[in-house]
Amino acid sequence: MSEITGIALAGGKGVRARPLTLEGPGYLRSKATVPFIGRPLIEWQINSFHQQGVENFYIAANGRENRYQVKDALGYGETLGVRVQYSRARADRWNTGSGQATLSVAEEWNLKGLAVVFPTDSLFEFDLAELVEGHVRSGALVTVATVHRQAREVAGTYGTMVADDDGWIREFVEKPPLQIVNAMVADPSRVPISTGLYVIDCRRLRELAATPALAALARLRLDWGRDLLPWLVSNDHPVRHSPITKVGDLGNPRDYLTTLVDALSGGYPSLRGTGTLTIHPSSLARRDEVSGMTLAAKIASGLVKIGPNVWIGRDVEIGPGVVMRDSYVGDGVDLHAWCHLERVACLDGAIIGPAARLVDTHVGMMACVESSLQAVTTLDGYTALGHEAIVQEGTRLTGVTVDPRLTVRSGDDVPAGTQLTTVGDLVD
């Protein structure tokens, strides 16, 4: 497996995932480096692939944020025990999509063997050796890793396909409407979708890329799902699909939180260190200002209830009466007395006020949820606060996204599902 190359696709501006993909107003955060259980997402991915034998990785990046934030997170792979190289910045002006970026990396680095191509906004649980063995045995040019979803989940969101009994794809359609999905499949409860992970034969793909037809297509637009896979299939090139165990999308706040809870509960065994109750010793020893007791003492006496499936970082201060489950809490967080967290991601330096109730919520770095026993703040319905956002006490937000450094005032009437991107959104 050490001969298999990894090609990571780090492109796009992460619009669906905002505010998770915003460091501040106008400052993008690469999807690949979004914090996930204490690490940049791409670090989890590289570790997972390395466990299965992949030692050499190429980052097909597009844009300054994607390229240099990933480089800041990974370097050249020294600390992870792998080798990491990056696409050239000069290639960005010719980048017409994820398919073209893949072919460009393969050509730039003269890749001739097999490669596993993967997006940097998802987690995967699969057997790479099994996937590669099936690819080699079949003689496929591309093997598409697939999972099943219900038709209503697939419509407008995922690429799907029609395949024969041997797994050969006869038709591929990217993000079709529901009526097309239902027409393509026999069972709408089990629709095969592309996970965005592919095993490819670099030499054969490079030869195809040099042909006039594919070269002309690549000059206009060459996205994997919208262009390259449909072109390969319609021109009778051997493309097959192979089911894998699981994929977790992190492309929007809802999917991020759903995947987080799954990972915390042990749903991704390849993510070593997840799936158990983890509390850093410095947090267990820290005393809160109200009771003066250590967290360890409060847990032992029943004053604090933590678990199952909780990860708590360094120097977290937790007051009495706190209840927490299925949640991640980063370093230096303050959880004041009687607050309740369920299915929450609370990043470094965040402050959660007394009695606040957070369910299905993402709280960015140094964000502040003000609350009091007299005016309880409630966040739920996959609400997401950007870094340094402030929510004043007594506020109720459901399914609301708040960009970095914005303040939601106590008197603001914010309808469910609102996206707050500027101060003007908060003004009547």
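For the stretch 42-173, carbon and sulfur atoms together expose 43% of the accessible surface, with a 1.4 angstrom probe and every protein chain in place. Distance between the modelled labels on ASN235 and LYS112, one decimal in nanometres: 2.3 nm (7 Å Cα→Cβ projection). Atom-type composition of the exposed protein surface of the stretch 310-407 places 48 percent of the accessible area on carbon and sulfur (1.4 angstrom probe). Can you list the residues of the stretch 94-127 with backbone N under 18 Å from a point 7 Å past the Cα of ARG204, pointing along Cα to Cβ? Residues 103, 106-107, 111-117 fall inside that zone. Here the stretch 311-388 has an Rg and Dmax of 10.7, 30 Å, counting Cα atoms alone.
Summarising the strand pairing of the chain, around 30 percent of its internal DSSP beta bridges are antiparallel. Once both labels are positioned 7 Å from their Cα atoms along Cα-to-Cβ, the gap between LYS305 and ARG88 label points is 6.1 nm. Within the set (1) 21.4; (2) 44.9; (3) 19.8, the number that mean projected area of the Cα convex hull in nm² takes when calculated for this structure is listed as (1). Can you tell me the orientation of helix 253-264 relative to the chain, as the angle in degrees between its alpha-carbon axis and the longest Cα principal axis, to the nearest 10? Approximately 80 degrees, to the nearest 10. Backbone phi angles across the stretch 227-240, fed through the Karplus curve with coefficients 6.51, -1.76 and 1.60 (θ = phi - 60°), yield HN-Hα couplings of 10, 5, 4, x, 5, 4, 5, 5, 9, 6, 7, x, 10, 10 Hz in residue order; Gly and Pro are listed as x. For the stretch 6-84, dividing the convex hull volume of the Cα atoms by the residue count gives 88 Å³ per residue. Rg and Dmax over the alpha-carbon atoms of the stretch 127-250 stand at 14.3, 40 Å.
For the stretch 210-284, the percent of C-alpha pairs falling in each 5 Å distance bin, counted from 0 to the bin holding the largest distance, reads 3, 12, 13, 13, 11, 10, 11, 9, 7, 4, 3, 2, 0. When the P(r) of the stretch 263-302 is calculated, the portion above 15 Å amounts to 53% of the C-alpha pairs. The Cα center of the stretch 347-402 and the Cα center of the stretch 156-171 differ in position by 42 Å. The charge dipole of the chain, taken about its Cα centre with unit charges on the Cβ atoms of Lys, Arg (+1), Asp and Glu (-1) only, comes to about 560 debye. Taking a spot 7 Å from the Cα of GLU133 along the direction of its beta carbon, which residues of the stretch 93-125 have an amide N less than 19 Å from it? It comes to 114-116, 125, nothing else. When the P(r) is computed for the stretch 43-188, the part past 25 Å accounts for 41% of the Cα-Cα pairs. Average accessible surface for the stretch 125-173: 45 Å² per residue, computed with a 1.4 Å probe over protein heavy atoms with every protein chain in place. Taking packing as the residue-averaged number of other Cβ atoms within 10 angstrom, the listed peptides 115-125, 84-94 run from highest to lowest as 115-125, 84-94. Solvent-accessible surface (1.4 Å probe) assigned to MET366 amounts to roughly 120 Å².
Any idea which of GLY386, TYR328, ILE193 is furthest toward the positive side of the dipole for the chain, if Lys and Arg beta-carbons carry +1 and Asp and Glu beta-carbons -1? Value: ILE193. The phi torsions of the stretch 209-220, fed into the Karplus equation with coefficients 6.51, -1.76 and 1.60 and a -60° offset, translate into couplings of 4, 7, 6, x, 5, 6, 4, 5, 5, 5, 5, 8 Hz, rounded to whole numbers, with Gly and Pro shown as x.
Just name one of CYS368, GLY266, ASN66: the one whose Cα is farthest towards the positive end of the charge dipole of the chain (beta-carbon charges, Lys/Arg +1, Asp/Glu -1). About the Cα centre, the residue reaching furthest to the positive side is ASN66.
Applying the Karplus relation 6.51 cos²θ - 1.76 cosθ + 1.60 with θ = phi - 60° to the stretch 359-374 yields 3J(HN,Hα) values of 9, 6, 9, 10, 10, x, 4, 6, 6, 10, 9, 6, 6, 8, 4, 7 Hz, where x marks Gly and Pro. Partners of LYS246 within straight-line reach, counting aspartates and glutamates whose Cα lies under 17 Å from its Cα and excluding those fewer than 8 residues away in the same chain: ASP121, GLU125, ASP127, GLU130, GLU153, ASP255, ASP262. In the chain, taking the dipole from charged Cβ atoms about the Cα centre, the farthest positive-side position among HIS148, VAL304, THR5 is held by THR5. Shown here: the stretch 78-121, whose C-alpha atoms stretch 32, 22, 22 Å along the first, second and third principal axes, sorted largest to smallest.
Computed about its Cα centre, the charge dipole of the stretch 178-337 is approximately 340 debye, with only Lys, Arg, Asp and Glu carrying charge at their Cβ.
The sum of -39500 (n - 2.57) across all DSSP H runs of n ≥ 4, divided by the residue count of the chain, sets its helix-only mean residue ellipticity at 222 nm to -6500 deg cm²/dmol.
The values are calculated or read from the model by the stated rules, or taken from the named source; none is laboratory data. Since the model is a prediction, treat every value here as computed from it, not as a measurement. All Cβ positions, even for glycine, are placed from backbone atoms using ideal geometry, and neighbour counts span all protein chains on display. With ligands, DNA and RNA removed, areas are computed over all heavy atoms of the protein, side chains included. Shrake-Rupley method; radii C 1.70, N 1.55, O 1.52, S 1.80 Å.
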